[in-house]
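J.: Encoded as structure tokens, here's the structure I'll be asking about.
Please treat every number below as a calculation from the coordinates, not as lab data. Everything numeric here is computed off the predicted structure, so don't read it as measured data. Neighbour counts run over all protein chains shown; Cβ positions are idealised from the backbone, glycine included.
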Amino acid sequence: MIGTILWAIIGGIVLGVLARLILPGRQNISVLATVVVGILAAFLGGLVATWIGVGKTNGVDWIRHGIQLLFAIVGIYITAQVSTRRGGRSGAAMR
């Protein structure tokens with residue numbers, strides 16, 4: 001159980017960073033928000049992968065990781081949009 005949580009945190013950090021690299025443009029959200037979204041994406045993506053039957057395969061679970069990355073990309077996008085609407089700095093304000 002502890003190992004699963006630790007791997008979700010580590011994977012979440014990696015997923016959050018990858019999602020920010022994949023998304024075009026600049027996302028004005030904190031590093032903490034990136035990590036939290038990545039961790040949530042790791043958990044939710046793992047659950048969805050298990051529900052559809054691809055959570056545990058022989059070797060590397062590429063489909064599960066792809067689902068997790070998709071969740072992270074959507075989560076980062078939504079977080080960035082909400083942050084900008086709530087008065088966060090937009091790209092135009094930083095110029």
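J.: Debye calculation, C-alpha points only, no solvent: report log10 I(q)/I(0) for the chain at q = 0.11, 0.17, 0.24 Å⁻¹, in the same order as the q values.
T.: After summing over all Cα pairs, the log10 values are -0.34, -0.70, -1.15.
J.: Now, a different point. When the Debye formula is applied to the Cα atoms of the range 28-84, each taken as the same point scatterer, what base-10 log of I(q)/I(0) results at q = 0.20 Å⁻¹?
T.: Each listed q maps to, in turn, -0.67.
J.: Okay, next question. Taking R0 as 35 Å, what FRET efficiency do you get between residue 57 and residue 32 from their Cβ-Cβ distance, rounded to the nearest 0.05?
T.: Plugging the Cβ-Cβ distance into 1/(1 + (r/R0)^6) gives 0.60.
J.: Next up: Give, as a single signed number, the net charge of other residues whose beta carbon lies under 13 Å from the beta carbon of residue 49, with Lys and Arg counted +1 and Asp and Glu -1.
T.: Spelling it out: positives minus negatives among the neighbours equals +1.
J.: Let me ask another. If neighbour count is taken as other Cβ atoms inside 10 Å, put 34, 50 in order from fewest to most.
T.: In order of increasing Cβ crowding within 10 Å: 50, 34.
J.: Over the chain, what is the mean sequence separation of C-alpha contacts under 8 Å (at least six apart), divided by residue count, expressed as relative contact order in percent?
T.: The value is 33 percent.
J.: Right, another one. So what's the net charge close to residue 34: Lys and Arg +1, Asp and Glu -1, counting the other residues with Cβ under 15 Å from its Cβ?
T.: +2
J.: Please list 3J(HN,Hα) in residue order for the range 67-82, calculated via the Karplus relation 6.51 cos²θ - 1.76 cosθ + 1.60 where θ = phi - 60°; whole Hz, with x for glycine and proline.
T.: Those phi angles translate into 5, 4, 5, 4, 4, 5, 4, 5, x, 5, 4, 5, 4, 5, 5, 5 Hz.
J.: Run the numbers for residue 82 and residue 47: contour at 0.36 nm per residue of separation, minus the present Cα-Cα distance, in nm.
T.: 10.1 nm is the gain from fully extending residue 82 to residue 47.
J.: Remind me, relative contact order of the range 28-84 in percent, using alpha carbon pairs under 8 angstrom and six or more residues apart?
T.: 46
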